[in-house]
Amino acid sequence: MLEHVLGDTIYFEDNVLFLLDQTLLPTLTIYLELQTPDEVVDAIKRLAVRGAMAIGIAGAYGALLGALGARTGNPAGIAIATREAIAHISASRPTARNLFWALERMEEALEQGSGDEPEALVERLHERADEIALDTIETNRALATVGQQLITEGISVLTHCNSGPLAALRYGTALGVLIEAHRLGKHIHVYADETRPLLQGSRLTAWELGTSGVPYTILPDNAAAALMKQGRVDAVMTGADRIASNGDTANKIGTYSIAVLARVHGIPFYIAAPGSTIDMACAAGADMVIEERNAEELRNCGGAQTAPRNAPAFNPAFDITPAEYIAAIVTEKGIIRPPYEKNLRVFGE
Ligand code: MRU
């Protein structure tokens, strides 16, 4: 069993999934206590838990909650309930590869336990969900070390959205690399894009940088060009939600603009993401499903109406940065550089 440590933003205890509610940060730190797959689906959809790796972990424990709901029945009933939970959770958000990676591993555990007694089957699923959480922690710890090759003393790095521990568990991806650089004594400065419309940058990244002691500045997304023009950005590093086998990368809406700006200003643009984000079955960004979110997120901000009540809105949650703009991808297996079609094959064919 995975022992939870103080500060864990996701943990499972006494058959309850505890999630730090990210919609309330940075003003309130309140944990949700979830006991059914439906509650997990709701938390993922409304971004109470968000970030590619965090939703993978939450999804895995959500499948376990499905099994637990049927634990007094026979193994076939447990398998049906778990598969229903997996199907329901799979439909919560389409873009991040990690959610499907985690749910496929839960399905695999279910198949491996087809001859198990009820208690053993539930135990097997619990162990698998813990393994997914532990794998996420270990992988990102390795990635944070690998990424140091790109973070030189005195560097200023711009990031977009939130890719810190909140988006995974204990360690982040891109932000994990930057927090580790600071921990190692490097004097870095992080510029955190606000990340409209849901402000993952100013609410979550700034909170994580502040609590980790990393010097930082927030900026509105539309100030990134001016900041680069003033020569204040040495590198850009963001996380990813899905990486195609040709290197095209889905990440929070606005990432593509930052990558284009970085190219224009001669600044290297890096992605940091683990193997569980890489989708070798996806040939290119055009094959990815990009989540479209509710228009209300654009018509309101901080509880106040900020657009005509029925204003038509374009509100994709992610965009695709073409591989040609990406100087390197930091992974737990090392820094991957172009040509990505060839070099990403360390993660499978
Ligand atoms: O909509 P969100 O907040 O889940 O989007 C998250 C991001 O785009 C992150 O940058 C991404 O998940 C990488 S960090 C694991």
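Taken together, the values in this text are just the output of simple stated rules run on the coordinates, not laboratory data. Computed from a predicted model, the values in this text were never measured in an experiment. Counting neighbours? That spans all protein chains shown, and the Cβs are built from the backbone with ideal geometry, glycine included.
Across 10 Å bins from 0, what is the distribution of all Cα-Cα pair distances for region 229-349, in whole percents?
13, 39, 27, 17, 4
P(r) for region 162-258: what percent of alpha-carbon pairs falls in each 10 Å bin, starting at zero?
15, 49, 32, 4
What residue among Val177, Val264, Val49 has the largest mean-square fluctuation in a Gaussian network model of the chain, using Cα springs under 10 Å?
Among Val177, Val264, Val49, the largest GNM mean-square fluctuation belongs to Val264.
Counting only complete DSSP H runs, which helices of the chain cover 30 Å or more along their long axis at the Cα atoms and score a mean Kyte-Doolittle of -1.0 or above? Kindly include the intermediate steps, with their values, before the conclusion.
Values: long enough: 118-146 (42 Å, -0.23).
Those that clear 30 Å and a mean of -1.0 are 118-146.
In region 146-347, what is the volume of the convex hull around the alpha carbon atoms, normalised per residue and reported in Å³? Before the final figure, lay out each step's value.
Numbers: hull volume 24.1 nm³, N = 202.
Expressed per residue, the convex hull around the Cα atoms of region 146-347 is 120 Å³.
With the chain treated as a Gaussian network of Cα nodes joined by springs under 10 Å, which of Gly334, Gly51, Gly115 yields the largest mean-square fluctuation?
Of the options given, Gly115 has the highest mean-square fluctuation.
For the modelled label position 7 Å from the Cα of Thr27 along Cα-to-Cβ, which residues of region 40-55 have backbone nitrogen atoms closer than 14 Å?
No residues fall inside that zone.
Lysine pairs in the chain with Cα distance under 24 Å, only those 8 or more apart or on different chains: how many are there? Provide the component values of the computation, followed by the final result.
Working: Lys45/Lys252; Lys186/Lys333; Lys229/Lys252; Lys252/Lys333; Lys333/Lys342.
For the chain, the number of qualifying lysine pairs is 5.
Could you work out the Rg to Rh ratio of the chain, with Rh taken as the Kirkwood radius (inverse of the mean 1/r over all Cα pairs)?
Values: Rg = 19.8 Å, Rh = 20.4 Å.
We get a ratio of 0.97 for the chain.
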